[in-house]
Amino acid sequence: MSYKLVCIGGTGQMVLHYYAQLYLLGLIEEPFEATVVDTDSVIGSIRTLRDFFSDLQYGADPAEGVQNNIPVLATPTIPIPADDKVGKALTGRPIEEIDDRHSVRAFFNEETIAQSVNQGLFARPALSSVMSEEIFNHASLAPKNNNTTVFVGSVIGGTSGGLLAPIVDAIKEKQMLDEIQALKMRAVLYGRYFTPDNNIIPDAIKRFNSNQLLVLKSIKEALQQLHSYFIVGGTGSMDYARDPNVEKTARQLPWQEENEPFWIGSQAAEYLLKENVIPAATEFSDREVAGDFERPVSREAATKALRQRISFTDSFVNKKVVHRLAHEPWVTAIWGNKLTELVASFWNIAVAAEGGKAVSNFPNKVSDALTNLWNGAGDSLGLHDIFPPTPLQAILPASVQRVAWPTVDESKSNRILFSSADATAKRAAATILFTTLRKGI
Amino acid sequence: MRCLSWQRMDLADLYRMANRRAYYSVMRIGGLVLMGLVCLVNVYGQSSATPSRTQCKQWDDSYLLLFNFFIVAGLLLPVALNTLLPPVLGRRVWFLASPRMRVLYISLIVAGILATVFVALPFVVGFGRLIFSGVDQAYFGCETLKFGATGLLFGLVGSGIAAISQWPAVLALLLASCVLGGLIAFLVSGILVKTVGLPSRVRGITA
């Protein structure tokens with residue numbers, strides 16, 4: 001069984017931001033695939049996660065890690081000229097040159113045509129589906145056998161409102177063409193859950209309510225393929241304060257409370273991915289999952305794991321355990337055999353990648369790569385920045401030995417990925433961080 | 001408001017200055033008390049009768065024998081502790097899990113202990129007890145006598161001068177032995193790393 005999240009628009013990305021944290025902390029067991037579809041830019045934390053998961057690849061398949069399967073996060077780009085107006089993006093000519101008889105004027109009003117496209121689609125669903133047609137054929141959206149796919153997005157915004165139904169439909173079409181078996185499609189849909197900023201989108205509430213009605217109605221009519229769905233919020237029922245500028249980078253965002261929208265969404269996504277009991281209902285309205293579903297991850301357990309794993313990983317990286325391990329005569333007694341073997345195996349791969357050279361500074365390279373991946377380098381976020389600020393607890397060196405470190409089968413390594421000592425050190429560091437976060441004690 | 005701020009700053013400066021003065025006063029008083037204590041022990045410890053040359057030679061040789069033991073300890077303890085402590089306590093103490101820093105820390109701690117026990121202890125608690133039971137308290141009286149003292153390191157340093165008079169050299173030699181012990185520990189650690197450490201498990205890395 002495989003699991004896929006299709007996260008559409010800013011709301012979908014924020015849910016993935018929280019879901020991925022729960023996975024990284026070991027609170028969600030099975031790996032997942034995720035595809036982010038957004039006409040706006042991908043948020044900082046998702047970019048960091050995408051690159052990190054990519055660095056975990058060990059074998060031929062992108063989902064093949066050192067010992068187990070790993071998540072794969074795709075962010076297909078939707079080709080939109082970043083600084084152009086909608087009119088130019090649609091017609092290929094400056095808006096002042098679009099004459100009154102151009103067919104685009106039949107579908108879009110003057111305000112929409114003159115709108116800049118570099119800040120999202122301003123809650124215009126129709127615009128989204130016209131501009132993003134190429135996305136439907138992206139490989140990351142191809143359906144697979146024995147797969148559960150959960151779509152996450154809002155029905156009030158431009159991107160998700162416009163793209164949700166066409167994407168579900170495109171996947172269903174491919175499923176029939178490729179004779180894909182046992183594909184379950186579910187959705188976490190966001191109704192109005194925050195107070196919009198009228199300075200960014202004029203008459204936002206009116207537009208959101210209108211979109212919500214339109215999109216839910218079109219989903220009801222068009223998406224008979226959905227097995228079940230959960231709705232977060234709705235008109236006036238939830239009033240969460242969003243800050244688009246903070247969400248752009250999503251650096252150290254605090255965790256939401258249990259009753260706040262993105263936390264509920266990440267729980268609902270996990271519930272719908274793993275749920276196997278609910279029978280398929282004929283009536284669309286009967287497919288809605290009630291709000292009292294059993295939460296897969298308790299907030300208390302998550303907070304405890306967050307503190308523990310972040311403390312462990314922070315100590316591991318900042319106390320330069322790999323550097324210590326490399327110069328330690330009593331390496332097995334202090335750090336244990338499994339971590340030593342893990343580093344030695346990656347060192348062997350690095351030696352092979354460098355044509356048999358000793359690469360005597362390999363542990364230092366791994367140590368530096370760990371620091372860069374964890375703390376970030378330059379403007380890019382480190383993995384540490386994805387998690388909220390948390391008080392750290394003291395960690396003893398003995399904890400390192402108790403971690404279930406993976407065993408590396410050197411013969412299965414993808415030589416294309418391990419092309420140099422630096423590339424190998426980075427992948428070794430990613431594997432170590434992945435293990436400290438998911439299994440750190 | 002401005003005036004008040006300046007006044008507050010002046011007060012803060014005065015407070016800091018007063019604190020600094022108090023700190024130095026305490027330090028000065030502490031130093032004087034220590035010096036007084038040392039003098040008192042010396043005066044109190046000296047027996048009224050001047051020791052004979054034979055007695056001085058006997059006590060000096062005993063003191064030198066101890067010194068030689070301490071030099072050997074300075075060489076061996078850093079090596080032994082760096083070899084024995086990490087496998088036992090390295091999993092509980094971060095500094096013992098740092099192969100390079102622990103050599104430095106252990107050598108410094110050993111040097112501090114040896115110097116305190118061998119040089120400072122006789123001046124503070126006097127001779128005639130514990131490890132110094134073979135040296136009489138009257139040994140302090142031998143400092144001014146010529147009795148054919150062997151000198152430190154079998155006469156290599158300060159031949160003819162009582163060992164007790166050469167405490168700066170004793171201190172320096174003890175520190176040097178610990179530094180040398182640390183270097184040996186470092187070399188031993190390096191050899192062990194290559195033979196049983198991480199590099200020994202990597203193909204293409206020669207031991």
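The values are calculated or read from the model by the stated rules, or taken from the named source; none is laboratory data. As the structure is a prediction and not an experimental result, all values here were calculated from the model. A quick note on method: Cβ atoms are made from the backbone with ideal geometry, for glycine too, and the neighbour counts reach across all protein chains shown.
Of the candidates A:Arg402, A:Arg427, the single residue that is of a type in the set (D, E, K, R) and within 14 Å of another protein chain (Cβ to nearest Cβ) is A:Arg402.
Flag not set for B:Thr83, criterion: part of a loop (DSSP other than H, G, I, E, B) and in contact (Cβ under 8 Å) with a residue 12 or more places away in the chain.
Residue by residue, here is whether (1) within 27 Å of A:Leu213 (Cβ to Cβ); (2) free of Cβ contacts under 8 Å to residues at least 40 places away in the same chain; (3) in contact with a Pro (Cβ under 8 Å, 6 or more places away or on another chain); (4) hydroxyl-bearing (Ser, Thr, Tyr) holds:
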position: A:Thr149; (1), (2), (3), (4): yes, no, yes, yes
position: A:Val155; (1), (2), (3), (4): yes, no, no, no
position: A:Ala165; (1), (2), (3), (4): yes, no, no, no
position: A:Asp169; (1), (2), (3), (4): yes, no, no, no
position: A:Gln175; (1), (2), (3), (4): no, yes, yes, no
position: A:Asp178; (1), (2), (3), (4): no, yes, yes, no
position: A:Arg186; (1), (2), (3), (4): yes, no, no, no
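Filter region A:300-344 for residues that are surrounded by fewer than 23 Cβ atoms within 10 Å (Cβ to Cβ), of a type in the set (Ser, Thr, Tyr) and more than 9 Å from chain B (Cβ to nearest Cβ) and give the result. Result: A:Thr303, A:Ser311.
Cβ separations smaller than 7 Å between residues 6+ apart or across chains give the following pairs from region A:249-277 residues that are in contact (Cβ under 8 Å) with a residue 40 or more places away in the chain to residues that are of a type in the set (S, T, N, Q): A:Ala250/A:Ser45; A:Phe262/A:Gln256; A:Trp263/A:Gln256; A:Leu272/A:Ser228; A:Leu273/A:Thr148. When A:Asn414 is tested against (1) under 24 Å from A:Glu30 (Cα atoms); (2) of a type in the set (S, T, N, Q); (3) surrounded by 20 or more Cβ atoms within 10 Å (Cβ to Cβ); (4) in contact with a Phe, Trp or Tyr (Cβ under 7 Å, 6 or more places away or on another chain), exactly one condition is not met: (3).
Take the conditions (1) modelled with pLDDT of 95 or more; (2) surrounded by fewer than 21 Cβ atoms within 10 Å (Cβ to Cβ); (3) facing another protein chain (nearest Cβ under 8 Å); A:Lys357 misses just one of them, which is (1).
Residues in region B:79-91: is at least one surrounded by fewer than 18 Cβ atoms within 10 Å (Cβ to Cβ), under 15 Å from the mean Cα position of the chain (by Cα) and either modelled with pLDDT of 95 or more or within 14 Å of B:Gly181 (Cα to Cα) (or both)? Scanning region B:79-91 turns up no residue that is surrounded by fewer than 18 Cβ atoms within 10 Å (Cβ to Cβ), under 15 Å from the mean Cα position of the chain (by Cα) and either modelled with pLDDT of 95 or more or within 14 Å of B:Gly181 (Cα to Cα) (or both). Sort out which residues of region A:139-166 are surrounded by fewer than 24 Cβ atoms within 10 Å (Cβ to Cβ) and more than 21 Å from A:Asn276 (Cβ to Cβ), and write them in order of number. Within region A:139-166, A:Ala139, A:Ser140, A:Leu141, A:Ala142, A:Ala165, A:Pro166 meet the criteria.
When A:Phe346 is tested against the conditions (1) assigned by TED's automatic domain parsing to the domain that holds A:Thr390; (2) within 30 Å of the chain's Cα centre (by Cα); (3) over 21 Å from A:Glu410 (Cα atoms), the lone failure is (3).
Condition check for B:Ile205 on (1) modelled with pLDDT of 95 or more; (2) within 14 Å of chain A (Cβ to nearest Cβ): one failure, at (1). Could you tell me whether any residue of region B:94-103 is in a loop (DSSP other than H, G, I, E, B) and under 22 Å from A:Phe312 (Cβ atoms)? Yes, region B:94-103 contains a residue that is in a loop (DSSP other than H, G, I, E, B) and under 22 Å from A:Phe312 (Cβ atoms). Of the candidates A:Trp263, A:Trp255, the single residue that is assigned to a loop (DSSP other than H, G, I, E, B), closer than 17 Å to A:Met14 by Cβ and under 18 Å from the mean Cα position of the chain (by Cα) is A:Trp255.
A single entry from B:Val193, B:Val179 fulfils the requirement of being at the interface with another protein chain (Cβ under 10 Å from one of its Cβ atoms) and either within 30 Å of A:Leu339 (Cβ to Cβ) or part of a helix (DSSP H, G or I) (or both): B:Val193. Output the residue which, of all residues in region A:360-378 that are under 13 Å from A:His323 (Cα atoms) and assigned to a loop (DSSP other than H, G, I, E, B), is nearest to the other protein chains (Cβ to nearest Cβ). Only one residue tops the list, namely A:Ser360.
Each residue in region A:402-440 was checked for being assigned to a helix (DSSP H, G or I) and among the β-branched types (Val, Ile, Thr), and 5 pass. Screening the candidates A:Thr371, A:Thr313, A:Thr332 for the property of being among the hydroxyl-bearing types (Ser, Thr, Tyr), within 18 Å of B:Pro199 (Cα to Cα) and outside the structural domain of A:Gln67 (by TED's automatic domain parsing) yields one hit, A:Thr332. Restricting region B:151-161 to residues that are surrounded by 17 or more Cβ atoms within 10 Å (Cβ to Cβ) and farther than 13 Å from B:Leu65 by Cα leaves a set whose member that is farthest from the chain's Cα centre (by Cα) is B:Ile161. Say whether the condition of being over 30 Å from A:Lys274 (Cα atoms) and either within 14 Å of chain B (Cβ to nearest Cβ) or not charged (D, E, K, R) (or both) is met by at least one residue in region A:379-390. Yes, because at least one residue in region A:379-390 is over 30 Å from A:Lys274 (Cα atoms) and either within 14 Å of chain B (Cβ to nearest Cβ) or not charged (D, E, K, R) (or both).
When region A:319-336 is filtered for residues that are free of Cβ contacts under 8 Å to residues at least 12 places away in the same chain and in a helix (DSSP H, G or I), the ones remaining, listed by number, are A:Arg324, A:Val331, A:Thr332, A:Ala333.
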